[in-house]
Amino acid sequence: MMELPGWMFGRRKSSKAITKERLKLVLVNDRAAIPPELLIVIRNEIIRIVSRHITVDRDKVDVRLSSSAGETRLIATISLASRQSAQPPVMKPLAEKKEF
Amino acid sequence: MSGKIITVTSGKGGVGKTTVTANLAVALASMGHSVAAIDTDIGLRNLDIVMGLESRIVYDLVDVAEGRCHLSQALIKDRQLPSLCLLPASQTSNKTAISPHELGLIAAELRASNDFVFIDSPAGIEQGFQNAISTADQIIIVTTPEVTAVRSADRVIGLIETSGKKPGQLIINRIRPAMVRQGDMLNTYDVIEFLAIDLLGVIPDDEAIIIAANKGKPMSGDPTSLAGHAFRNIAQRLTGETVPFLPILEERAGLWSRVRAAARRGLNSLSHPRKMGSRS
Ligand SMILES: Nc1ncnc2c1ncn2[C@@H]1O[C@H](COP(=O)(O)OP(=O)(O)OP(=O)(O)O)[C@@H](O)[C@H]1O
Ligand SMILES: [Mg+2]
């Protein structure tokens, strides 16, 4: 069945959901007293470390504070680059394989 | 007599501290209580205008603090309500012209002869705010249902907690029921959920408040206006009565009981402890 757009019924998306989301984020940051600059520093370090192993899409790395059920979490969402350039694991082989 | 010292504060400016102070003072005086209001917004005095007493100022708060006159000489009695008086702020000094100790002495003297002593605090969280809360028995935090004001209120609530005072109570001012119904304004329940403190009252956005302030006649005595009704209800709650919230301002029935329950359980989506500022 075809879905009719909301505006056909004069419905309009309320702005409250966005307001609440923004307010929540602001308050979580204020209360944790973690300045946004620090989150940027953390974000850059996460990119640096993860990039050693896998290719990440730098523009799609999101580090933020979130709060639910009385617990504040630091949440990092890291998008991988669409095509992984087969990055060999940065591990030394334990021992050279030798043919006898 | 030993009255209660109630400080009205907000953090953010222009959300309605002076309006709330004037209207609650008038409402309580109309109910027969003796009330003194102190304007501590030094340099930006306004309470005198809203109460319609500006033309009778001789001495002010700073004069009293600095010993240039007796407290009784600086108090202005309201002509219609003889049990109401105002101690105006100085218009020329600045917010640091008075110390918490000096304000504490003045408030204590007023408390001895009044049921209620209101302190109208300046905007901000600096010295003037600290002075105003330091001497309070009870703190009223005024906010509007907007992100900026709620954020400031949250900060102020944290600072009150840090200062060791017992938590304040919230007044949400300038609610516009039509916007709330359309989902374009936070409702009472939303704001309480974010701030997790007790609700003292909700006041609608009302032109009559602006007109009353311009005339210098607080409108909490006006039987026809909804805002006046809201102020009278809050005044009654301050005397310890339980007064139900005005239904028109609420989203859903039974809000008050749910709010109380939620606050008790600390059940709010942000309920991790506020940063304890200097203590941590
Ligand atoms: N519920 C309301 N409905 C309509 N107008 C209001 C309402 N509450 C306050 N106002 C208006 O908003 C303006 C600011 O109010 P008020 O001076 O009480 O705020 P304030 O917090 O004391 O400001 P400041 O921080 O400058 O001291 C005034 O013009 C007042 O008349
Ligand atoms: Mg004011």
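The values are calculated or read from the model by the stated rules, or taken from the named source; none is laboratory data. Everything numeric here is computed off the predicted structure, so don't read it as measured data. When we count neighbours, we look across all protein chains shown, and the Cβ atoms used for this are built from the backbone with ideal geometry, even at glycine. Heavy atoms of the whole protein, side chains included, go into the accessibility calculation; ligands, DNA and RNA do not. Shrake-Rupley method; radii C 1.70, N 1.55, O 1.52, S 1.80 Å.
Table for the structure above
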{"item": "Considering residues of segment B:91-125 that are among the polar types (S, T, N, Q) and more than 19 Å from B:Ile141 (Cβ to Cβ) only, the residue nearest to ligand 2 (Cβ to nearest atom)", "result": "B:Gln91"}
{"item": "Residue match in segment B:26-42 (condition: within 16 Å of B:Ile203 (Cα to Cα) and either touching a Phe, Trp or Tyr at 6+ places or on another chain (Cβ under 6 Å) or at pLDDT below 95 (or both))", "result": "yes"}
{"item": "Selection from segment B:202-216 of residues that are loosely packed, with under 12 Cβ neighbours inside 10 Å and in contact (Cβ under 8 Å) with a residue 24 or more places away in the chain", "result": "B:Lys215"}
{"item": "Flag if B:Ala65 is more than 14 Å from chain A (Cβ to nearest Cβ), more than 16 Å from ligand 2 (Cβ to nearest atom) and under 24 Å from B:Gly221 (Cβ atoms)", "result": "no"}
{"item": "Total residues in segment B:45-80, condition assigned to a helix (DSSP H, G or I) and out of contact with any Cys (no Cβ under 6 Å at 6 or more places or on another chain)", "result": "15"}
{"item": "Hits in segment A:15-33 - residues which are open to solvent by less than 50 Å² (accessible area, probe 1.4 Å) and assigned to a loop (DSSP other than H, G, I, E, B)", "result": "A:Ser15"}
{"item": "Residue in segment B:152-169 that is open to solvent by 60 Å² or more (accessible area, probe 1.4 Å), under 16 Å from the mean Cα position of the chain (by Cα) and in contact (Cβ under 8 Å) with a residue 60 or more places away in the chain present", "result": "no"}
{"item": "Residue count, segment A:14-28 (criterion: without any contact (Cβ under 8 Å) to a residue 24 or more places away in the chain and more than 7 Å from chain B (Cβ to nearest Cβ))", "result": "3"}
{"item": "Identity of the residue in segment A:66-100, in a strand (DSSP E or B) and at pLDDT below 85, that ends up least open to solvent (accessible area, probe 1.4 Å)", "result": "A:Ser67"}
{"item": "Options B:Asn46, B:Asn23: the member that is more than 11 Å from ligand 2 (Cβ to nearest atom), under 15 Å from the mean Cα position of the chain (by Cα) and touching a residue at least 12 places away in the same chain (Cβ under 8 Å)", "result": "B:Asn23"}
{"item": "Which listed residue is open to solvent by 20 Å² or more (accessible area, probe 1.4 Å) and of a type in the set (Ser, Thr, Tyr), from B:Thr7, B:Thr40, B:Thr19", "result": "B:Thr19"}
